[in-house]
Every structure is written in structure tokens, then in C-alpha cells.
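Laboratory data are not the source of any read-out in this text; all were calculated from the coordinates shown. Here the structure is a predicted model, which is why all the values come from computation and not from measurement. Positions of Cβ are backbone-derived with ideal geometry, glycine not excepted, and every protein chain shown enters the neighbour counts.
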Amino acid sequence: MDKQFWVDRYNKGDAPWDLGQAVPSLVSYLETHATQLLHQGRRAVVPGVGRGYEAALLAEYGFSVVGVDCAAPALVDAMRIHATFAHKIKWIEEDFFAFAQHQTMAFDLFVEHTFFCAISPSLRSDYMDAAATLLCSGGYFIGVFFAHGAPGGPPWTTSYDNLMGYLKKSAFEVEWLDDIANSISDRKGQELLLVARKR
Ligand SMILES: C[S@@+](CC[C@H](N)C(=O)[O-])C[C@H]1O[C@@H](n2cnc3c(N)ncnc32)[C@H](O)[C@@H]1O
């Protein structure tokens with residue numbers, strides 16, 4: 001899917017992935033683990049940030065966040081919705097893979113929600129490499145992944161085995177990968193939470 005596909009979806013108001021809030025599993029994870037994450041450092045990046053609810057949640061906890069998305073309309077909305085965090089979030093309109101190539105700052109935290117499932121499955125190895133490139137050693141990779149099991153996409157499905165296959169070949173050490181108990185009703189049993197660290 002190219003940039004125009006996503007721009008058109010936002011312009012048409014056709015963004016069913018948008019929960020209008022941060023994904024509950026990340027909210028609950030931060031409630032119990034924010035101190036541990038902040039101990040690693042405060043620089044966070046959110047790829048495919050969309051309207052920015054996860055970025056705002058991280059900003060609330062004191063992270064300094066960079067949100068990257070190729071679709072300008074999503075970022076325009078994000079800036080308006082989360083205006084109170086203007087000093088804590090930098091919104092960047094760019095292709096994630098291009099961003100990862102030239103970005104010189106190393107992040108402490110990489111947070112993903114329904115971005116992996118939005119890109120072509122042929123780019124999944126590149127995605128893992130880009131995530132590792134962006135993180136410092138010991139940096140955390142926290143992801144909420146869509147494992148709906150249906151053919152086609154986006155969203156393209158993943159699974160425990162599929163994710164593990166990529167992670168085993170990557171620079172990440174997996175600390176946790178499991179089903180999510182508090183998914184929203186129409187994603188129940190279809191989401192996985194990953195916590196990994198860059199070696
Ligand atoms: C399914 S949406 C998820 C948005 C947000 N994470 C959320 O959960 O609401 C996927 C997002 O990734 C963005 N996107 C898709 N491909 C991208 C790319 N190659 N680089 C940057 N952003 C991309 C889209 O514009 C869209 O905002």
C-alpha cells in the first residue's frame with residue numbers, strides 16, 4: 001500500500017483501525033511497567049503513529065516521543081487532538097523505512113500498534129531491521145500485533161510463530177509474546193503483545 005492509499009483512507013474518514021484511544025493492552029502494560037521502561041531512557045518512537053493515541057499515552061508518562069507516519073491527514077488530526085503534548089511529541093511525515101535509514105538519534109523505546117499489519121508482509125524482515133536500527137542497545141520494543149487469521153490485507157495477519165520467526169533472526173531478545181486479555185471486543189483473541197529488548 002502506498003502513501004496515497006493511507007492518505008485517501010483518512011480523507012474519506014475510513015479508518016476503522018482507529019480506536020480513538022490508546023490500545024488497552026498498552027495502557028495496562030504502562031501502568032505496571034512505566035518505571036522500568038523510563039529507567040532505560042525517555043526517547044520513544046512510534047512508527048505508523050496514525051492519530052497518535054499511543055504517542056500521547058507515552059508523553060503522559062514523561063517520554064519524549066517521535067511519531068512517524070506517511071499520511072499527512074492523520075498527523076494533522078494528531079497535532080490537533082494532542083495539542084497539550086506539543087512540547088513532548090514531534091510528528092514526522094515520512095515513510096518509516098526512509099526515516100529509519102537517516103535517523104541518527106537512538107531511541108530507548110519503540111512502540112507499535114497495528115503498523116506491522118499495515119505494511120506488506122514482504123517488508124517484515126526489513127521492518128525488524130529498521131526497528132533494531134532505531135533502538136539503542138537494551139532498548140525496548142513493545143508491540144501490539146493483529147493476529148486475525150484471515151487471508152488478505154491490510155490488515156495482514158500475523159501469529160505467534162510468524163512473529164517468532166522474524167524475531168529469532170533479528171537483534172531482539174524476546175521477553176514476552178502472548179495473547180492479550182483486555183483487547184477491545186471485536187479484536188478479542190486476535191491480538192498479541194510483544195515485549196523484546198535489543199541485544
Ligand atoms: C492501520 S494504521 C494504524 C495507525 C495507528 N498506529 C493506530 O493504531 O491507530 C497504519 C498506519 O501506518 C501508516 N503507514 C503505512 N505505511 C507506512 C509507511 N511505510 N511509513 C509510515 N507510515 C505508514 C498509515 O498512514 C497509517 O496511519
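Structure values in brief
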{"item": "Dipole in debye (nearest 20) - the chain, about Cα centre, beta carbon charges: Lys, Arg +1; Asp, Glu -1", "result": "320 debye"}
{"item": "Ranking of 85, 145 by count of other Cβ atoms within 10 Å, fewest first", "result": "85, 145"}
{"item": "Net lengthening on full extension, residue 34/residue 18 (0.36 nm per residue, minus Cα-Cα)", "result": "3.4 nm"}
{"item": "Helix-only mean residue ellipticity at 222 nm for the chain, each DSSP H run of n ≥ 4 adding -39500 (n - 2.57), per residue, nearest 500", "result": "-10500 deg cm²/dmol"}
{"item": "DSSP bridge pairs, region 103-199: antiparallel proportion in percent, nearest 5", "result": "70 percent"}
{"item": "Relative exposure of 157, 35, 104, 133, judged by other C-beta atoms within 10 Å (fewest first)", "result": "104, 35, 133, 157"}
{"item": "Gyration tensor (Cα) of the chain, equivalent ellipsoid semi-axes in angstrom", "result": "21, 21, 17"}
{"item": "Beta bridge orientation in the chain: antiparallel %, DSSP, nearest 5", "result": "45 percent"}
{"item": "Point-charge dipole on Cβ atoms (K/R +1, D/E -1) for region 103-199, about Cα centre, debye to 20", "result": "160 debye"}
{"item": "Gain upon complete extension [residue 176, residue 79; 0.36 nm per residue less C-alpha separation]", "result": "31.7 nm"}
{"item": "Region 4-65 versus region 135-167: alpha-carbon centroid distance in Å", "result": "16 Å"}
{"item": "Amide H within-cut-off set for residue 191, under 5 Å, with H built and near neighbours excluded", "result": "147, 180"}
